[in-house]
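Down below is the structure, laid out as structure tokens.
The values are calculated or read from the model by the stated rules, or taken from the named source; none is laboratory data. In this text the structure is predicted, and so the values were computed from the model without any measurement. Cβ placement follows ideal geometry from the backbone for every residue including glycine, while neighbour counts extend to all protein chains displayed. Heavy atoms of the whole protein, side chains included, go into the accessibility calculation; ligands, DNA and RNA do not. Shrake-Rupley method; radii C 1.70, N 1.55, O 1.52, S 1.80 Å.
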Amino acid sequence: MAKTSTTTQGLRAAIERSGYYPALVAEAVEAAVGGEPMRSYLVHQETTFDQNEVRRHVTVLVLTGNRFIVSHTDEQAADTTSPTPYATTSTESVKLGRISSVVVSRVVANPESYTPGTLPREVVLTIGWGAVSRIDLEPAACGDPNCDADHGYTGNSTADDLSLRVSEAGDGPETVRQALAFAQALSEATADLTR
């Protein structure tokens, strides 16, 4: 999809709907996108509770013809470094060829009566491009219960650069639809590079 006024307006409207410093978020995202045509986008606002504070976070994902752009914006309370509350926003631009995995996990209610096309109750989108890896290690063991030898360690290394969870109950059905559409567009874009 080319960067039409409809796509640009849709992204800006989604950022406005999040209600989370829309001018700051939009400026950061638009600067990262530059003049490239947008193919798809996803805006996700998340509220968390940290002891006695409520913190908000917004993530904006944009797919262009050549890049995957991720933007995070967080708010911070006044602290010793700043006498007033402040927000931090960051953007990362990743070439599509660097994306190594796009994982979409769907949670559906009553799977025995699932009808194709029914919206999942929740979607978790995990995207890996090698910037962050997680290693889970545990002691290795053999099948002999009497063995006391050191068998070293075993484990898994997982690319886990971004994981985003959206749910129909918390984010609304339109955000779930947008997450699925974005995941499909990103999967198709990365598949095109391997052909």
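Sort through ARG106, ARG98 and tell me the only one that's open to solvent by 80 Å² or more (accessible area, probe 1.4 Å) and at pLDDT 95 or above.
ARG106
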**OP:** Please work out which residue is nearest to PHE68 (Cα to Cα), limiting yourself to the stretch 109-127 and to residues that are surrounded by 13 or more Cβ atoms within 10 Å (Cβ to Cβ) and more than 13 Å from the chain's Cα centre (by Cα).
**Re:** GLU122
**OP:** Determine which single condition GLU75 fails, assuming it passes every other condition in (1) under 21 Å from GLU27 (Cβ atoms); (2) in a strand (DSSP E or B); (3) open to solvent by 40 Å² or more (accessible area, probe 1.4 Å).
**Re:** (3)
Original post:
Would you pick out the residues in the stretch 18-67 that are open to solvent by 30 Å² or more (accessible area, probe 1.4 Å), modelled with pLDDT under 95 and part of a strand (DSSP E or B)?
Top reply: ARG39, GLN45, GLU46, THR47, THR48, PHE49, ASP50, GLU53, VAL54, ARG55, ARG56, HIS57
